[in-house]
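The values are calculated or read from the model by the stated rules, or taken from the named source; none is laboratory data. What you see is a predicted model; the values in this text were computed from it and never measured. Cβ placement follows ideal geometry from the backbone for every residue including glycine, while neighbour counts extend to all protein chains displayed.
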Amino acid sequence: MKQGGGTSGQGSLEYLIIIAAVLAIAAIVVLFLTGAFTATTGSGDVGVCKQVASACAVELATSSSTECSDTLCNISECQGLGVSSASDCSAYTTAVAACKAGKPDCIVAA
């Protein structure tokens, strides 16, 4: 005679719940490792600002203007960034000014 009727079905359900919990924990770990839950640090902003400053350098080299346009260099990614303390960057007080001068090497994270 079988004792404790229904135990084989209950065991299967418990295994399914355990597997689901393990998969959920693994998914959370993968999300944390890929940076999905971390705040952005602004390093992407520095990269974008430097790319725009490089584009300004090309514009300055190929056109007769003495400064890049506000629409090209006055972008939100450059706001709040700093300027390098190197002697050739001392003329620029903001990242936007360095961008307009076409000096991507002067732009640093604040």
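Among the residues of the range 79-104, how many are closer than 16 Å to residue 45 by Cβ and either in contact (Cβ under 8 Å) with a residue 60 or more places away in the chain or assigned to a helix (DSSP H, G or I) (or both)? Residues flagged as closer than 16 Å to residue 45 by Cβ and either in contact (Cβ under 8 Å) with a residue 60 or more places away in the chain or assigned to a helix (DSSP H, G or I) (or both) within the range 79-104 amount to 5. Condition first: modelled with pLDDT under 85 and at positive phi. Can you find one or more residues in the range 9-31 that meet it? No: the range 9-31 contains no residue that is modelled with pLDDT under 85 and at positive phi. Considering the range 82-109, the residues that are within 19 Å of the chain's Cα centre (by Cα) and among the small types (Gly, Ala, Ser) include one that is farthest from residue 66 (Cα to Cα), namely 109. Screening residue 3 on (1) of a type outside the set (Phe, Trp, Tyr); (2) over 30 Å from residue 103 (Cβ atoms); (3) at pLDDT below 70; (4) surrounded by 10 or more Cβ atoms within 10 Å (Cβ to Cβ) shows it passes everything except condition (4).
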